[in-house]
Amino acid sequence: MYGFINTCLKFLVAEKYGEETWEKLRIQAGVQDTFLTFEVYKDEITMQLIDKACKMLDVPPDMVLKQFGEFFFEFCKRSGYDHMLRTLGGNLYEFIENLDALHSYLSLSYQEMNAPSFRVEKNEDGSMHLHYYSDRRGLCHIVPGIIGAAALDFFNTEISMEIVNQTEEEERTGKKEHIVFLVTQKPVFSYKKRNKFSSSPQYTADSGRQIEKQLNKEDIEKNLNKIRDRTSLVSICPAKKNHWETIRGIVTLGRGKLLRGFDPAYPTTLWIDTKTFCNGLPFHIVFDEELRVKQSGVSIQKIVPGLQTMGIRLDHYFSIVHPEVTFTISSVQKFINSQFVFRTRREMMPESWKQRPMLELRGQMIWMESLQCMLYLCSPLLRTLHELEERQMHIADIAPHDVTRDLILLNQQRLAEMELSNQLERKKEELRILSKHLEEEKKKTEALLYAMLPKHVANQLKEGKRVEAGEFKECTILFSDVVTFTNICAQCEPIQIVLMLNSMYLRFDRLTTVHDVYKVETIGDAYMVVGGVPVPVSTHAERVANFALGIIIAAKEVKNPVSGNPIQIRVGIHTGPVLAGVVGEKMPRYCLFGDTVNIASRMESHGIPSKIHLSPTTYYCLKDKSFEMTERGEIEVKGKGKMYTYFLIRNRTATENEIMGNPIKESDSDHESVQSFQESRIKMIQSSCQQAMQLNSDQYQPSTIAMKYIDGLTETQASYKGRSQERIMDLTGKTHDFESYGCLHGDQQPGSDPYLPNQERIKSAPEEPQNRNVRSNFCNLV
């Protein structure tokens, strides 16, 4: 079937049941989403779609097919075939009788179309028998849907169709199904539509006899006078009277005498000689009941020289292509209202002509009762000028009055337009697929961009806008690094370091999602996150504290490539105000500025392996929460003087699985502490140490469950709600502390922290100066 049929089925499902239903249906059927109108597809695709639709919608096949038939009629009207269908006939009988002619015309464009065939018979009670022939089994229930919709739309008639016979037609060659429907009609007229249709051809033909019986002579005379009055008003008010309402069914003859019907006049003798008839109708054949040729046109004799011998059998030189019946006079009479297509037999052609394509003739059969002969009036069935040349014919071989001349030229142009339309349709489909792929790649790009920058910042940069720096009055910053990272780098290959850091950072990155904290950047083994930036939240300290507990646990799953033991990390946390903004254009980064960054870095560098070092401000943010902390005491912090610091031990209420974002198991119902889980986890890691060293970083993708936090309105949010952000015009006039962290620098603000007795500028890190240089060199190497 052509893609037009499958496209109609797609629109039916999408419009009546939704796009999601169509998507499920096509996936179950295993077919593509789009069908090209002039592309031929296997019948199995359509059958599969119908079968899956019946199962998915839980509707019987006959109901689905009938609904499809009704929608197919509307779909054809939408596609530009409305006027073509309306002009097939003045009533339902004529409409059905000319369906084969319509299919024959459409076959000029849809050359591989295998359309069904229809034959209709009138019964004395006004009903009809519709004979439906098709190569495809199981689609007969489409017919009541199509015919019923056409009858209601074009002729305002409701019909009922029931199958009275279902067999295989013995006379037809190649057809597999012959269904006979009993069609009964019931006009449905509203008062307005009765006026509209009362003068229509159908209404006039069907009801004319009944009117004449019911009205007496006086009523007829009155009605005729009314008609005369109305016809006289046509010239005055032409818009009020349809032209065809006057001339269809009412013919004026002689001196104003009105008659219903038409009686043709025939001459007493035929005023045309045989020679003129054969030249004027160059494509015609007269044959008798035994199929013996009695007469033929001059052009058809030129193409089939054997016809010059009168009395030869027609079936020796031609085969019937359509309708597919056996070549007997009874079969021809049975389908006399159908268009017949003959094809010349190759074996009967002259030897030099056998390489040419065989000629096909299309025309109608007329039975001449007085002569007991059949007249076949036909024309060459040619679609293009190329086909005309292949058969070594010319336009001159076709009679001037034959519209085949115009049809060939018009169809040549139409085929060119169809080819162009087909190419455009293919390009449209290619563009749709490319657009779909582009959208997928765009999502990947956006996901990568949002991983590097906050979403609102990235969106502003995409729109070409300048991103203004913003002040956050309170946030919590965390730094972490690997203990003895310098020694590990000195004893390992660079690829081993890359694999170790990648394994560690994958786990850390996952925890940023669990606790909704923002990863600022990584430099070598240093990892920096912030809570409360870029989106202010009141639980920033709790989020960062839980994140710190999580990375301590996660670090134990990463092996030291030198010793094979779990690595150790130091963690430092500080809470305070920062200034955040985008720095750079080629590789823009979202950086934090302020003394809070420096103090958080000092908490990490002055920390202890596998411990979480807290500043006083962070401690006071967490002391009323569900965290267990212990005092470290007063220590000397380089550049800051004496500071009283603390260690974070655990979260009293959250389990390890909650902190790690793992699915909660039943064994976690007793809310065991994080520390109690660490020992068992270390034992498991040690037992599978060798396998963990070979674990590819891409394989570490466990499911993630975000931890729930209850946030109130922060001071920053409250202040932002009442006023717009102030623009910060210049940041270069302030003194920044550029450490070996690259962008992990801060802005000195003396006197900003009451817990810092000394506000000296920090010039160098207090520990491992060589280690810091090695980190920078290693980052450059990687």
Count of residues meeting criterion [surrounded by fewer than 18 Cβ atoms within 10 Å (Cβ to Cβ), assigned to a strand (DSSP E or B) and in contact (Cβ under 8 Å) with a residue 12 or more places away in the chain] in region 98-157: 2
Residue list for region 1-13, restricted to those being open to solvent by less than 20 Å² (accessible area, probe 1.4 Å) and either touching a residue at least 60 places away in the same chain (Cβ under 8 Å) or not β-branched (Val, Ile, Thr) (or both): GLY3, ASN6, CYS8, LEU9, LEU12
Any pair with Cβ under 6 angstrom, 6 or more apart, that starts in region 417-440 at a residue that is among the polar types (S, T, N, Q) and ends at one that is open to solvent by less than 100 Å² (accessible area, probe 1.4 Å): ASN422/PHE38
Tally of residues being on the phi < 0 side of the Ramachandran plot, touching a Cys at 6+ places or on another chain (Cβ under 8 Å) and surrounded by 21 or more Cβ atoms within 10 Å (Cβ to Cβ) across region 504-525: 1
Tally, over region 173-196, of residues that are surrounded by 12 or more Cβ atoms within 10 Å (Cβ to Cβ), at pLDDT below 65 and among the aromatic types (Phe, Trp, Tyr): 1
Residue among SER421, SER480 that is modelled with pLDDT of 85 or more and of a type in the set (S, T, N, Q): SER480
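Can you pull out every residue in region 78-97 that is part of a helix (DSSP H, G or I) and either among the hydrophobic types (A, V, I, L, M, F, W, C) or in contact (Cβ under 8 Å) with a residue 12 or more places away in the chain (or both)?
Result: SER79, MET84, LEU85, ARG86, LEU92, TYR93, PHE95, ILE96, GLU97.
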Any hit, region 153-161, residues being at pLDDT 85 or above, within 36 Å of the chain's Cα centre (by Cα) and within 20 Å of GLU94 (Cα to Cα): yes
Among (1) surrounded by fewer than 20 Cβ atoms within 10 Å (Cβ to Cβ); (2) over 17 Å from TYR709 (Cα atoms); (3) among the hydrophobic types (A, V, I, L, M, F, W, C) - the single one MET528 does not satisfy: (1)
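Right, SER299: part of a strand (DSSP E or B) and of a type in the set (Gly, Ala, Ser) or not?
No, not satisfied.
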So MET84, is it modelled with pLDDT under 90, touching a Ser or Thr at 6+ places or on another chain (Cβ under 9 Å), open to solvent by 30 Å² or more (accessible area, probe 1.4 Å) and closer than 22 Å to THR404 by Cα: no
Residue among SER352, SER331 that is part of a helix (DSSP H, G or I) and open to solvent by less than 30 Å² (accessible area, probe 1.4 Å): SER331
The listed residue being of a type outside the set (Lys, Arg), farther than 30 Å from ASP525 by Cβ and open to solvent by 90 Å² or more (accessible area, probe 1.4 Å), out of LEU499, LEU448, LEU434: LEU434
Subset tally (residues that are assigned to a helix (DSSP H, G or I), under 18 Å from VAL298 (Cα atoms), among the aliphatic types (A, V, I, L, M) and open to solvent by less than 20 Å² (accessible area, probe 1.4 Å)) for region 393-412: 0
Number of the condition not met by THR575 [criteria: (1) farther than 18 Å from VAL530 by Cα; (2) touching a helix residue (DSSP H, G or I) at 6+ places or on another chain (Cβ under 7 Å); (3) not charged (D, E, K, R)]: (1)
Residue tally, condition aromatic (Phe, Trp, Tyr) and over 17 Å from PRO282 (Cα atoms), over region 341-374: 2
The lone exception for LYS473 - which of (1) touching a residue at least 12 places away in the same chain (Cβ under 8 Å); (2) open to solvent by 20 Å² or more (accessible area, probe 1.4 Å); (3) assigned to a helix (DSSP H, G or I) it fails: (3)
Search result, residues across region 16-58 that are β-branched (Val, Ile, Thr) and surrounded by fewer than 13 Cβ atoms within 10 Å (Cβ to Cβ): ILE27
Residues satisfying the stated conditions in region 70-81, i.e. surrounded by fewer than 18 Cβ atoms within 10 Å (Cβ to Cβ) and either more than 30 Å from the chain's Cα centre (by Cα) or among the aromatic types (Phe, Trp, Tyr) (or both): TYR81
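Residue by residue, here is whether (1) under 18 Å from ARG362 (Cα atoms); (2) open to solvent by 50 Å² or more (accessible area, probe 1.4 Å); (3) in contact (Cβ under 8 Å) with a residue 40 or more places away in the chain holds:
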site: LEU270; (1), (2), (3): no, yes, no
site: VAL286; (1), (2), (3): yes, no, yes
site: LEU291; (1), (2), (3): yes, no, no
site: SER299; (1), (2), (3): yes, no, yes
site: GLN308; (1), (2), (3): no, yes, no
site: SER319; (1), (2), (3): yes, no, no
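The values are calculated or read from the model by the stated rules, or taken from the named source; none is laboratory data. None of these values were measured; they are calculated from a predicted model. Cβ coordinates were reconstructed from backbone atoms using ideal geometry, including for glycine residues, and neighbour counts include every protein chain displayed. For the accessible areas, the whole protein counts, side chains as well, though only heavy atoms, and no ligand, DNA or RNA atoms are used. Shrake-Rupley method; radii C 1.70, N 1.55, O 1.52, S 1.80 Å.
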